[in-house]
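The values are calculated or read from the model by the stated rules, or taken from the named source; none is laboratory data. All values reported here derive from a predicted model rather than from experimental measurement. As a convention, Cβ positions derive from the backbone with ideal geometry for all residues, glycine included, and neighbour counts pool all protein chains shown. These accessible areas exclude ligands, DNA and RNA; they are computed on the full protein's heavy atoms, side chains included. Shrake-Rupley method; radii C 1.70, N 1.55, O 1.52, S 1.80 Å.
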Amino acid sequence: TKDDKGKPLRNYSMCYDPNVKAALWVAYPLHDCYTRKVIPERTNAWSYDPHRLIPSDYQVNMAKGMGNGYDRGHQIPSADRLASYDMNAQTFYYTNMTAQVGAGMNQDIWNNLENMIRNEYICRDTLYVVTGCVMTTEDDTQVKWVDNRNGGQVAVPKAYFKVLLRTKSGNTGKAVDNSNATTIGFWFENRRYSDSTPLSSCVKSVDEIERLTGFTFFPQISDEIKETKDLARWGF
């Protein structure tokens with residue numbers, strides 16, 4: 001994609017599973033060049049992802065919403081991409097959506113986590129975020145499917161996660177590496193939460209989330225850093 005001045009930017013990358021018609025993770029950088037409000041409001045440009053690597057047959061039509069009690073939950077948030085129309089519109093591809101519990105989750109504690117990342121964790125250095133979901137767990141190995149208002153069915157994630165990487169000070173002007181890195185992870189079941197503010201009980205190390213998901217995140221960063229939960233540095 002390009003910013004409002006025509007400069008090429010990487011919007012986001014994803015790991016898409018056609019068997020469940022959903023992204024298992026979406027990775028994206030955060031910096032004010034992405035979040036500064038150039039467009040007046042979000043585009044609501046709901047559409048199939050046009051990239052040929054993911055044919056529309058492997059995507060869930062969500063044009064009219066889920067209609068099954070779940071929200072169309074963004075993995076990369078719309079508000080993280082307000083620097084151009086195209087950048088924001090790409091967050092409304094169906095490939096970026098999952099069936100997420102609305103009240104008490106997507107509309108509340110998850111939304112507040114996204115705001116916290118966007119407003120408190122963003123820094124002069126780049127913040128790297130991976131958002132994802134799991135369709136099965138060790139204790140629940142069956143994928144849950146529900147009817148979708150637009151026809152067909154949609155898989156319902158069991159849980160969601162975010163893992164973050166940045167420099168400790170956030171103001172080095174250097175690339176993040178093992179000499180200056182700090183990481184943190186968050187894990188939420190796909191259910192209604194009574195708390196609207198993310199708590200330390202939602203925090204996991206990146207290493208823990210790697211073990212829960214089977215993915216390796218930030219491979220250039222040492223296991224020692226990914227095993228550390230530096231709660232105070234991240235405001236807990």
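Does Arg118 satisfy being surrounded by 14 or more Cβ atoms within 10 Å (Cβ to Cβ), part of a strand (DSSP E or B) and at pLDDT 95 or above? Criteria not met by Arg118.
Within region 135-143, identify whether any single residue is farther than 24 Å from Ser200 by Cβ and either among the small types (Gly, Ala, Ser) or touching a residue at least 60 places away in the same chain (Cβ under 8 Å) (or both), and answer yes or no. Yes: one or more hits.
Quick check on Arg81: is it within 15 Å of the chain's Cα centre (by Cα) and either surrounded by fewer than 16 Cβ atoms within 10 Å (Cβ to Cβ) or of a type in the set (D, E, K, R) (or both)? Steps first, answer last, please.
Details: within 15 Å of the chain's Cα centre (by Cα): yes; either surrounded by fewer than 16 Cβ atoms within 10 Å (Cβ to Cβ) or of a type in the set (D, E, K, R) (or both): yes.
Yes.
Restricting region 172-203 to residues that are hydrophobic (A, V, I, L, M, F, W, C) and open to solvent by less than 70 Å² (accessible area, probe 1.4 Å), the residue that is nearest to Arg233 (Cα to Cα) is Ile184.
Could you please find all residues in region 7-23 being touching a helix residue (DSSP H, G or I) at 6+ places or on another chain (Cβ under 7 Å) and at pLDDT 95 or above? Hits for region 7-23 are Met14, Tyr16, Pro18, Lys21, Ala23.
Scanning region 17-46 for residues that are under 30 Å from Trp145 (Cα atoms) and open to solvent by 40 Å² or more (accessible area, probe 1.4 Å) yields Pro18, Asn19, Lys21, Trp25, Arg42, Asn44, Trp46. Can you pull out every residue in region 47-61 that is open to solvent by 70 Å² or more (accessible area, probe 1.4 Å) and aliphatic (A, V, I, L, M)? Hit for region 47-61 is Leu53, nothing else. For the structure I just gave you, tell me whether Lys64 is within 26 Å of Leu165 (Cβ to Cβ), part of a loop (DSSP other than H, G, I, E, B) and either touching a residue at least 12 places away in the same chain (Cβ under 8 Å) or open to solvent by 40 Å² or more (accessible area, probe 1.4 Å) (or both). The answer is no for Lys64.
For region 204-236, how many residues are open to solvent by 60 Å² or more (accessible area, probe 1.4 Å) and in a helix (DSSP H, G or I)? Counting residues in region 204-236 that are open to solvent by 60 Å² or more (accessible area, probe 1.4 Å) and in a helix (DSSP H, G or I) gives 6.
Exactly one residue out of Asp177, Asp195 is in a loop (DSSP other than H, G, I, E, B) and over 19 Å from Gln107 (Cβ atoms), and it is Asp177.
Restricting region 84-115 to residues that are in contact (Cβ under 8 Å) with a residue 60 or more places away in the chain and part of a loop (DSSP other than H, G, I, E, B), the residue that is most open to solvent (accessible area, probe 1.4 Å) is Asp108. Among the numbered conditions (1) of a type in the set (A, V, I, L, M); (2) outside any helix (DSSP H, G or I); (3) over 13 Å from the mean Cα position of the chain (by Cα), the only one that Leu24 does not meet is (3). Criterion applied to Gly170, Gly151, Gly185 was being part of a loop (DSSP other than H, G, I, E, B) and at pLDDT 95 or above, and the one residue passing it is Gly170. Screening Val163 against (1) at pLDDT 95 or above; (2) open to solvent by 30 Å² or more (accessible area, probe 1.4 Å) leaves a single unmet condition, (2). Those residues that are acidic (Asp, Glu) and at pLDDT 95 or above, I need them from region 58-93; list them, please. Asp71, Asp80, listed by residue number.
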